[in-house]
Amino acid sequence: MNIEELKDKRVAVLLSGGVDSAVVVYELTRHGLHPDCFYINIGPEEAEQWDCTAEEDLEMATAVARKYDCRLEVVDCHREYWQQVTHYTMEKVKAGLTPNPDVMCNRLIKFGAFDEKRGHDYDIIATGHYAQTEWIDGQKWLTTSPDPVKDQTDFLAQIEPWQLRKAVFPIGHYMKDEVRQVAEKEHLVNARRKDSQGICFLGKINYNDYIRRYLGEQPGEVVELETGERIGEHRGLWFHTIGQRKGLGFGGGPWFVVKKDVERNILYVSHGYDPATAYKQTFPVHGFHFLTPPVGQMAPEDSLPTDITFKIRHTPEYHRARIEKASEGGGRLIIHSEKPIHGVAPGQFCVVYDKDHHRCFGSAEITV
């Protein structure tokens, strides 16, 4: 974090109630800044039914803001979340795809709806993401955190360029253990609070229950890809994702989900502990979204280097690959991974980095 960049700027902190954003407030105030804090409410209306932790989150956020004498305001983005992020999620799963609601929450809510409601009054939006930014040749880039396990650049790879220009990540240079140590030293109320898991607000709620609430069930056949043999029945294609092994409930396993036929409502699986059908080495992506738009007259896709690294899910590992334009054009790109990748699913975001997995170029959706 470049403090000089923040001097004389109006700074807003998105304070969630967790330890990471709490340490953000500490980092800013110890450098002489006095940010305003905002708690974004995105939880469901039926909080008791969904076992939402929003009340505890707000109590923690209030305590942290009070400790550093910062103003705290609650911004209600409930409607925007359920109209935009939930709509995106349900439309994708109905189409047999694998969406990432948290990626779209950052773009549409934390740096989107919030900016429309309150963030437009501020020059800088600070969050507790494990990511960094750098100015290179006059342009602001999203760069990775030194903590490979906690790095969250993949969750930020769909934010708009103007959102990146306003964003700072004050704890992005820390390892997670270091953040905990700071919180303990500062006697923060949430120093030992566990990290949230799963989709933004769901907390303890099972993802399948979330899907079932809006889409219900649609039973169909489960078929072994190699033999065409029917081995059981699924409750709805949207409860399964490519590469899934656990939770299928079929005897004689293990079984891996390898394909969906949405029109015929068939779930295809392969048998074995590591079937080849669960892997892909080459796959197409479309609609590449640049975090830092290329300059000059060249086509955006031509600005990407040939040799890259990438992720398709939130893991510490980066995969090496070559990237090229598809012969049919239309903005489609082809990823040629150095090694076969497990569980490549249409609808996932492929997040692209430079060959040293330092600068994040952006992301594109995996297509069929």
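The values are calculated or read from the model by the stated rules, or taken from the named source; none is laboratory data. Predicted, not measured: the structure shown is a model, and the values here were computed from it. Every residue, glycine as well, gets a Cβ built from its backbone with ideal geometry; the counts of neighbours run over all protein chains shown. Side chains are part of the model used for accessible areas, which takes the heavy atoms of the whole protein and leaves out ligands, DNA and RNA. Shrake-Rupley method; radii C 1.70, N 1.55, O 1.52, S 1.80 Å.
See the values below:
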{"item": "Angle in degrees between helix 19-30 and the longest Cα principal axis of the chain, rounded to the nearest 10", "result": "30 degrees"}
{"item": "Residues of type aspartates and glutamates that Lys176 reaches as a straight line, Cα spacing below 13 Å, ignoring anything fewer than 8 places off in the same chain", "result": "Asp20, Asp147, Asp151, Glu184, Asp195"}
{"item": "DSSP loop GluC sites (Glu not before Pro) with at most 15 other Cβ within 10 Å excluded, longest remaining stretch of the chain", "result": "47-216"}
{"item": "Set of region 320-353 residues, backbone N closer than 14 Å to the point 7 Å along the Cα-Cβ line of Val368", "result": "345-348"}
{"item": "Centre separation in Å (Cα based) which lies between region 137-155 and region 93-132", "result": "16 Å"}
{"item": "Residue pairs, from the table Lys94/Lys259; Lys67/Lys117; Lys325/Lys355, whose Cα atoms sit over 21 Å apart", "result": "Lys67/Lys117"}
{"item": "Positive-pole candidate from His314, Leu291, Val352, dipole of region 287-368, charges at beta carbon", "result": "His314"}
{"item": "DSSP beta bridges in the chain [antiparallel fraction, %, rounded to 5]", "result": "75 percent"}
{"item": "Quotient of Cα Rg and 2.2 N^0.38 Å for region 161-295, N being how many residues it contains", "result": "1.52"}
{"item": "Spin-label pair Val74/Ala276, simplified geometry with 7 Å Cα→Cβ offset, distance in nm", "result": "5.8 nm"}
{"item": "In Å², nearest 10: area of Val149 left accessible to a 1.4 Å probe", "result": "90 Å²"}
{"item": "Share of carbon and sulfur in the accessible heavy-atom surface of the chain [1.4 Å probe, %]", "result": "47 percent"}
{"item": "Net charge over other residues, Cβ less than 10 angstrom from the Cβ of Ile242 (K, R count +1; D, E count -1)", "result": "+3"}
{"item": "Within-10-Å neighbourhood charge of Tyr26 [Cβ basis; K, R +1; D, E -1]", "result": "+1"}
{"item": "Lys, Arg +1 and Asp, Glu -1 on Cβ, resulting dipole of region 81-186 about Cα centre, debye, nearest 20", "result": "320 debye"}
{"item": "P(r) histogram, all alpha-carbon pairs of region 292-356 included - 5 Å bins from 0, percent", "result": "4, 16, 25, 26, 18, 8, 3, 0"}
{"item": "For the chain, the fraction of alpha-carbon pairs in successive 20 Å shells from zero, as %", "result": "27, 55, 17, 0"}
{"item": "Vicinal HN-Hα couplings computed from phi for region 80-86 (Karplus, 6.51 cos²θ - 1.76 cosθ + 1.60; Hz; Gly/Pro x)", "result": "5, 4, 6, 7, 9, 6, 5"}
{"item": "Hz values of 3J(HN,Hα) by residue in region 55-66 - Karplus curve (6.51, -1.76, 1.60), Gly and Pro given as x", "result": "5, 5, 4, 5, 4, 5, 4, 4, 5, 5, 4, 5"}
{"item": "Per-residue HN-Hα couplings for region 211-223 [Karplus 6.51, -1.76, 1.60; θ = phi - 60°; Hz; x = Gly/Pro]", "result": "5, 4, 4, 9, 10, x, 10, 8, x, x, 7, 10, 10"}
